[in-house]
Amino acid sequence: MKSKITLASLILVIVYTVGIIGITGNFDDRFVLLTPVNLLLSLGLVFWTHPTAYAPLWKLAALCFITGVLIEIAGVQTGLIFGDYQYGPVLGPKIFGTPLMIGVNWTMLVYGAGSVINRLLSDTLPIWIKAAFGAILMTLLDVLIEPVAMELNFWSWKDHIIPLQNYIAWFFVALPLLAAYFKLLGKTTNKVAILLFILQFLFFGILQL
C-alpha cells in the first residue's frame, strides 16, 4: 500500500503542477479541455488507494454520483437550488444541460472532505457534527472554485454574479453526503484523498491569483 500511495501522490502532484503551468502559461486554450481526464484520473487514484473494503465505497460513490448529477440537473433547469447558471463545454457530455462529470466531482470532493475530517477530528464526535465540518470545507473550496470555473468556461452565472444561495446550497447538499461517508466508511482516512483535497485548494487558489 505504501508504494501505491507514493506513486499516486507523485502522479497527482505532477498532474496538478502541469495543470497550473498549462492554464496560466501561453498554451493552447484547449488545454483546459483535459479537465474531465484530470477528474477521472484523480478519482481513480483515490479509489485505487482506498484502504478498507470496497463494497461500502461503491455504495457511497453511487450515492454521491447520482445525487450530484440529479441535484445539478434540477439546479440548471430551475435556477431554484444554486441560482441561475449554465454549464459550458469543458466538462464534457451533458444530460439535460448537466455534464455527467459533475457527479465524479461531487464524489471526489465528498470522499476527500470526509478523509480530511477523519484525520482532523475525534472519532467520538457525532456523525452530523463531522459532516457539518466537512460541508464547511467543501463550501470553502467552492468559494475558490467559482471565479476560476467561470473564467475557464466550466459554467457561467447570470450577470457574472455568484449568488450567496449557491454556497448555502453547496453546504446543504454536501451535508447528507458527508454523513453517508461517515456512516458507510466510518473512520476511513485516505492519505491520497487528503493530498488531492489540498491540491484542489492550491490549484484554484493559485489560479485566482
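The values are calculated or read from the model by the stated rules, or taken from the named source; none is laboratory data. As the structure is a prediction and not an experimental result, all values here were calculated from the model. FYI the Cβ positions are ideal-geometry reconstructions off the backbone, even for glycines, and counts take in every protein chain you see. Each accessible area value is taken on the protein alone, full model and side chains, heavy atoms only, with ligands, DNA and RNA left out. Shrake-Rupley method; radii C 1.70, N 1.55, O 1.52, S 1.80 Å.
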Checklist outcome for this item: Computed for the chain: size of charge dipole around the Cα centre, +1 on C-beta of each Lys and Arg, -1 on C-beta of each Asp and Glu, debye to nearest 20, value 840 debye
Checklist outcome for this item: The long-range amide H neighbours of residue 84, using H built 1.01 Å from N in the peptide plane and a cut-off of under 5 Å, are 158
Checklist entry - Any idea what the dipole of segment 95-169 comes to, in debye rounded to 20, about its Cα centre with Lys/Arg Cβ at +1 and Asp/Glu Cβ at -1? => result 200 debye
Checklist entry - Which percent of the accessible heavy-atom area of the chain goes to carbon and sulfur, probe 1.4 angstrom? => result 71 percent
Next on the checklist: Suppose every Lys and Arg Cβ carries +1 and every Asp and Glu Cβ carries -1, with no other charges. What dipole size does segment 29-148 come out with about its Cα centre, to the nearest 20 debye?
Outcome noted: 280 debye
Item to check | Accessible area expressed per residue, the chain, with surrounding protein chains retained (probe 1.4 Å, Å²) | outcome: 49 Å²
Item to check | Length gained when the stretch residue 37-residue 3 is fully extended (0.36 nm per residue, less Cα-Cα span) | outcome: 9.9 nm
Next on the checklist: Would you calculate the convex hull of the Cα atoms in the chain and tell me its volume per residue in Å³?
Outcome noted: 111 Å³
Checklist entry - Under DSSP H, which helices of the chain have Cα atoms covering 24 Å or more of the helix axis and a Kyte-Doolittle average no less than -1.0? => result 2-24, 54-78, 101-120, 127-151, 164-185, 191-208
Checklist outcome for this item: A chain fully extended from residue 14 to residue 48 at 0.36 nm per residue, minus the present Cα-Cα distance, gains in nm 10.5 nm
Checklist entry - Hey, if you put +1 on the Cβ of every Lys and Arg and -1 on every Asp and Glu Cβ in segment 67-209, which of 71, 86, 199 ends up farthest toward the positive end of that dipole? => result 199
